[in-house]
Amino acid sequence: MKPYLSVVIPVYNESGNIQKLCDRLLTTLDKLGKPYEIIFTNDGSKDNSEAELEAVYKQHPDKIRVVQFKRNFGQHMAIIAGFEITAGDVIVTLDADLQNPPEEIPNLLAKIEEGYDLVSGVRQKRQDNWFRTYVSKFVNHIRALITNIRMTDHGCMLRAYSRNVIDLINATNEASIYIPALAYTYATNPTEILVKHEARHEGKSKYRLYDLARLYFDIMTGYSTLPLQVFTMFGFAVSFLSILFVIYLFIRRLIIGPEAEGLFTLFAILFFLIGVLLMGLGIVGEYIGRIYKEVRRRPRFVIKKVLK
Ligand code: UDP
Ligand code: MG
């Protein structure tokens with residue numbers, strides 16, 4: 001039977017969470033009284049997740065499907081691979097670590113039924129460490145400043161999408177994707193609801209600071225070119241001020257004579273400008289790296305096998 005709902009869940013080293021997640025999902029979804037499917041993508045886990053996924057698949061082969069990646073391709077690629085095989089009218093994404101309570105799904109669906117085509121969860125009382133929570137809040141602010149994405153919490157993966165949004169995402173073949181932002185650009189009628197957030201059940205977060213930085217650059221470069229423009233404008237401003245300064249020094253020298261003081265001030269200014277220059281080069285590099293990835297056109301992920 002064609003499912004009404006497809007739930008897509010990326011899994012990377014989530015041993016100990018899978019059975020529990022499945023039980024809670026099934027309890028919630030069975031109450032809906034509508035056909036559904038749950039699609040897990042095993043993103044190259046190195047722990048026992050593969051066996052645990054096969055076990056839940058064997059329990060409910062009619063409801064569960066599992067995509068096995070050959071190696072780790074990242075959370076967003078894992079979700080894309082799931083999206084590609086969804087059949088539901090409504091698609092829901094959530095994390096495998098039980099930070100997104102499956103019991104919230106009916107609330108998301110209710111909003112879709114009201115006619116919204118993207119329902120984004122906003123995490124209430126985040127249960128992450130303070131560092132992660134504040135870095136995330138800060139990045140949400142920066143993203144709001146430099147992109148056109150109007151979204152309170154871009155990091156929450158508990159979301160519902162209508163079929164048309166998923167079809168558009170599936171038709172997008174970009175190499176660096178950030179799903180919440182992409183979904184927002186395709187949605188015509190998005191809304192948000194507050195959702196609960198729980199502490200990770202087992203294991204620890206897969207995102208170290210470096211991974212987070214890479215992800216944040218995907219958002220900034222993928223949905224805005226403002227960083228490049230700011231850099232250009234800064235360059236213009238500095239050049240203009242430098243001209244004024246040169247003219248001033250020239251006149252000063254003619255009237256008062258040569259000067260030698262202020263050497264360290266000069267260094268301070270110089271170091272600052274070199275810092276800005278390196279940062280700018282890095283920003284340009286972030287765009288070029290993504291263009292390079294794009295033109296190589298390598299497959300975005302490799303599937304080992306699919307249980308369905
Ligand atoms: N994940 C994934 N591939 C990765 C990293 C994470 O599929 O390379 C999955 C992970 O199993 C979880 C979700 O993405 O279901 C969110 O990851 P995590 O809980 O580590 O992130 P956080 O909650 O700290 O943002
Ligand atoms: Mg998590």
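Brief remarks follow.
- Theoretical gain in end-to-end length, V302 to M1 [0.36 nm per residue, Cα-Cα removed]: 105.5 nm
- Estimated distance in nm for a label pair at A268 and T232, the labels positioned 7 Å out from Cα along Cα-to-Cβ: 3.2
- The modelled label-to-label distance between R132 and D167, using points 7 Å beyond Cα along the C-beta direction, is 3.7 nm.
- With a simple spin-label model that places each label point 7 Å from the Cα along the Cα-to-Cβ direction, the separation between D89 and R253 comes to 7.8 nm.
- Residues of type lysines that K2 reaches as a straight line, Cα spacing below 18 Å, ignoring anything fewer than 8 places off in the same chain: K31, K34, K63, K308
- Value at 222 nm in deg cm²/dmol, rounded to 500, when DSSP H runs of n ≥ 4 in the chain each add -39,500 (n - 2.57): -16500 deg cm²/dmol
- Where Cα atoms sit under 18 Å apart: lysine pairs in the range 93-236 separated by 8 or more or lying on different chains: 4
- Rounded tilt (10° steps) of 49-59 against the dominant C-alpha axis of the chain: 30
- Estimated FRET transfer efficiency (A199, Q59; beta-carbon r; R0 25 Å; 0.05): 0.45
- Nearest-0.05 FRET efficiency for D23 and A110, computed from C-beta distance (R0 22 Å): 0.45
- Principal axis box of the range 1-139, alpha-carbon based, largest edge first, Å: 45, 41, 25
- Counted residue by residue at 0.36 nm each, then reduced by the alpha carbon distance between them, the extension gain from V284 to S239 reaches 14.3 nm.
- With N counted as the residues of the chain, its alpha-carbon radius of gyration over 2.2 N^0.38 Å works out to 1.26.
- Here D211 and V246 are evaluated by their C-beta separation; at R0 = 35 Å the FRET efficiency comes out at 0.20.
- Within the range 103-173, the percentage of alpha carbon pairs spaced more than 20 angstrom apart rounds to 43%.
Where a number appears in this text, it was derived from the coordinates with a stated rule and is not lab data. From a predicted model like this one, the values you see are computed outputs, not experimental measurements. Please note: Cβ atoms are built from the backbone with ideal geometry, for glycine as well, and neighbour counts cover all protein chains shown.
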